[in-house]
Structures are given as structure tokens and as C-alpha cells.
Amino acid sequence: MIGARILVLDDNAITRDVIKRNLAKHGYQLYTASSFDLAKEILKEIKPDLLITDLKMPDISGLDVVKFATENFKDTEIIVITGYPTITSAVDAVKLGANDYLTKPFTDVELLTAVKNALEKLSSKRAFSQEISDGFGEKFGIIGDSKNMMEVFATIKKASEINSTVMITGESGTGKELVARAIHYTGFRAAAPFVPINCGAIPETLLESELFGYVKGAFTGAHNTRDGFFQSANKGSIFLDEISETSPLMQIKLLRVIQEKEVYMIGSNRSQKVDVRILVASNKDLFELVGLNKFREDLYYRLNVLTINIPPLRDRGNDILMLANYFANKYAEEFDKQVPVFADEVLEIFAKYNWQGNVRELENLVHRLVIMNEDGKIRKADLPDFMKSRIGSSSDVKRSLLEVELEHIKNVLEYTNNNKSKAAEILHIDRKTLNSKLKEE
């Protein structure tokens, strides 16, 4: 980054002058400060690309400078220099956000290398930020610019550049498959197949044959040899959703696939090599299931190489309103209707509502509102009664847990027009459990 702006903070005039002279001849713009107060003014005025700060100064610790800069100037990289090096101070500096740590006296080459590395990192960060602002997530249906979603996007980018197994966690309806697709289609396997599988939706007796295939005559009805999903995904990615629903026996077989990169078709005693990137997801805490002996520990650690945790919608701030408008435009175009405008009172309710079904629940609601809307404006009266009453209502602490649970179940059933399958999905339970709870009324 020729012409990059660099601020040097050091109470020693000789150190400031040496660094300024050595870096200026390489085309950088240099600014110096002898005190933190002066450095703060320069930081606010020019927002430098790089801050080089001493660790020990009379008026402030360099670690406090690093903390201040990382909290207030996200687009500034930091290098710490010191004549009193310790492992603890180096670790602390990096933890607080410093890009590098140089011990005095350092050579011109060491300084220049550290500066170049820091500025290259800054260029990469800015390029990714531009990619995000240009709709990185929207390409895959992932809408949002909240801080925690920016972290998700950054991790997707990292995951797309490596070949490791990725575990995607989050509540039901947060968009785990969308994240898996984004990882696949931004990576080097993008031209190969992406094969999504819902492990919880396939009966256990059929899951093995669906995943690994079978040979002719392997069982009654096996009239022809048929490849499984792993063979179909060869050279590409396979997404195993709800991995927690697999049986202990299936978990052993999946562990072998990961370790040996081979599968056995049912009825065959010969293995087949597969080159497949494995992405898995669960809305249950797999580590907790390991502790309960409901999920294999060795498989958990094989899967948990890189984890992406998708935040629930209620923790995403203004993303809720962005998503509501996105879905309103989407379904208005689909049904050739006027794009509706949300009344302020509706947006206020959206912001305060708990969204147990997350993005899926919001999308279903806006879908329904667009279909029913006639005059181009969505008002509070258009929302489901349970959503209106939930906001601002005071809870009765004398009610039993069973009463509260039943009320929520009824509200969800009302929202889904008594569709028990959709209600069970929102509630994170199966239909059998839902029917059982309704009988407790």
C-alpha cells in the first residue's frame, strides 16, 4: 500500500525520527506523536492505516493504546514495539488486537517486513468488507450487516478457502443450509455438486443405502446397483443436516468415511474412494450430547474442525428489518403485487418479538402478509393476535410452566393455521411430542 498513512507513537524522539526516516523513503506518509493525547487527535483526524506504538511510555501503557485503537478505529492495523520484551506482554498485545510485536533494537528490514505484513492484512480486510457491501451474503440468500453476521461472513470466507470439515450450529430456521451453500459455492469445489441431506428426515433403515448406495441383489428390491449421496457428491460437498439424529452405528460409519475417505456400498465388500468435502449442521448442542453418551466423542472432534455458529434472529438487531423488507420485495415480485410498506408500529413489534422460528418464521409471516395485503401498507392489525399481545404484556408469575408452554404451543398453532408439522418445526419437537403435549391440556 504505497502512500499508506502511518502514525508512530513513542516518547523517545530518536526512535520516532529513525522510524519516520526509514519508512518515508518507501513511499509511506508518516505522522509522529510523543504522547497519547496527541496521538488521539491524529487518530481522529487522519484515521491512519497503521499505528506503531511503544509499549512503555510515561503517560500510558502501550497495551491501553492498543485497546483504545482496536475499539475505536477498526480500520487501523497496529504494531507494538518495545525495549523491554516479555512473552506475557507480547501475548497480551496480540490478544488485544496488535498485528505484530517488535523488540528494540530492530533492523530496517524487520521493521519494513512487519509494516508490509500489517498493510497486506489491512488490504485483505478491506477487500472482504467491500465484497460484503457488494452483497456477498445476498448472493446466497443470507441478508444482514449486524456485527455477528459480519463474523459469520468472515468465517464462511475462511472456510471456503480450506478443505476441512465444517460444523454449522444454530437454532432451527437460522439458515444453516444457506451457509453451507455459501461455503461450497465460494470455494474451489464450486463447479462440482453440492448435495444436501436431512438426516432426520430419512428413516434409519434407509439412511445407509441413501448415503452409501447398494449393489444389485443386496436386499429385496435392489434390482440395480445404485450410487449413494456420497458418490453423487464426489469432488464436491455433502451437507449432512441434523447430524445429531443419526444412530450410533451410522456415526461409526461416518467416522470411517472421514478418516479413510472411502465408503462401502451395501452388499459389497470392496470400498470406493470418495473425494468429498463434508459440511454438517445441528440445532442441538453436540458437545452436550457427547456428555450424555448420545453422540460419539471421536466423531464430534472429527467434525468440529471449524465451527460457524449462526446467531438467532432476536440477537441480530436491525437485520430483522432488513430481512422483512427483503422478503416483502421478494414475494411482492413473485405475486406481481405492490411492495407493501410496514407501519412503524409493525417494525417496532418485529424488533421486540422473540422469533422462536428465526428467519424461517419471519419469512413465512411476511409471505402471508404480502398475499393478504390489499392496500400496500401492513399495519399492526394485520399481524397474528399472539404476536400483538406478546409485546409489552406482563407475565403472571403464578402460572405453571405447563400453562406457559401450552399457551406458546397454541400461539404457534394459530400462527401456522393449525399446521402441526410446521408448528413442530418451529417448536423444535416432532409431531408425536406435540400431540402428547396437547393432550396434557
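Take the Cα of E204, step 7 Å toward its Cβ, do the same at E161, and the gap between the two points is 4.2 nm.
Dividing the mean sequence gap of close Cα pairs (under 8 Å, 6+ apart) by how many residues the chain holds gives a relative contact order of 11 percent.
Electrostatic tally near D430: other residues with Cβ closer than 12 Å to its Cβ, Lys and Arg +1, Asp and Glu -1, net +1. Taking percent of Cα pairs over 40 Å apart as calculated from this structure, the corresponding entry among (1) 18; (2) 31; (3) 40 is (3). Is region 5-129 rounded, prolate or oblate when judged by the Cα gyration tensor, a ≥ b ≥ c being the square roots of its eigenvalues, rounded requiring a/c under 1.5 and prolate requiring a/b larger than b/c? Judged from the Cα gyration tensor, region 5-129 comes out rounded (a/c under 1.5). Sorted fewest first by neighbouring Cβ atoms within 10 angstrom, T155, T76, T174 come out as T155, T76, T174. Mean sequence separation of contacting Cα pairs (under 8 Å, at least six apart), scaled by the length of region 1-120, corresponds to a relative contact order of 24 percent. The long axis of helix 176-185 is offset from the longest Cα principal axis of the chain by roughly 60 degrees. Going by the alpha-carbon gyration tensor, a ≥ b ≥ c the square roots of its eigenvalues, is region 144-309 rounded (a/c under 1.5) or, if a/c is not under 1.5, prolate (a/b greater than b/c) versus oblate? In terms of gyration-tensor shape, prolate.
Loop-located chymotrypsin sites (Phe, Trp or Tyr not before Pro) across region 199-286 with a Cβ neighbour count of 10 or fewer within 10 Å are F219, with loop assigned by DSSP. Amide H contacts under 5 Å for I308: M167, I168, T169, restricted to partners 5 or more places along the chain or on a different chain, H placed in the peptide plane at 1.01 Å from N. Bridging of K380 to lysines at a Cα separation below 30 Å is possible for K147, K330, K337, K352, K388, K398, K410, K420, K422, once same-chain residues fewer than 8 apart are set aside.
Within the listed set G170, G291, G228, the Gaussian network model of the chain (springs between alpha-carbon atoms below 10 Å) gives the highest mean-square fluctuation for G291.
Mind checking the angle between helix 13-24 and the chain's longest principal axis? C-alpha axes, 0 to 90 degrees, to the nearest 10. On a 0 to 90 degree scale, this one is about 70.
Placing a pseudo-label 7 Å from each Cα along the Cα-to-Cβ vector at V290 and N148 gives an inter-label distance of 2.3 nm. For K56, the residues whose modelled amide H falls within less than 5 Å of its own, excluding neighbours fewer than 5 places apart on the same chain, are G62, G83. Under 20 Å of direct C-alpha separation, and excluding same-chain neighbours fewer than eight residues apart, K25 reaches these lysines: K116.
I'd like the orientation of helix 108-133 relative to the chain: the angle between its Cα long axis and the longest Cα principal axis, in ° from 0 to 90, rounded to 10. Computed tilt is about 40 degrees.
Charge tally around G221: other residues with Cβ under 15 Å, Lys/Arg +1 each, Asp/Glu -1 each, net 0.
Across region 313-439, C-alpha contacts under 8 Å between residues 6 or more apart give a mean separation that, scaled by the residue count, equals a relative contact order of 23 percent. Stretching the chain fully between E138 and L38 yields a gain of 31.8 nm (0.36 nm per residue, less the alpha carbon separation). Could you sort out which of K40/K176; K377/K432; K157/K284 sit more than 31 Å apart by Cα distance in this structure? Beyond 31 Å between Cα atoms: K40/K176; K377/K432. Distance between the 7 Å Cα→Cβ label points at L438 and K330: 2.8 nm.
3J(HN,Hα) couplings calculated from phi for region 250-259 with the Karplus curve 6.51 cos²θ - 1.76 cosθ + 1.60 (θ = phi - 60°) are, in sequence order, 5, 4, 4, 5, 5, 4, 5, 4, 5, 6 Hz; Gly and Pro show x.
All of the numbers you see were taken from the coordinates with simple rules; none came from a lab. All of these numbers come straight from a predicted model, not from anything done at the bench. As a convention, Cβ positions derive from the backbone with ideal geometry for all residues, glycine included, and neighbour counts pool all protein chains shown.
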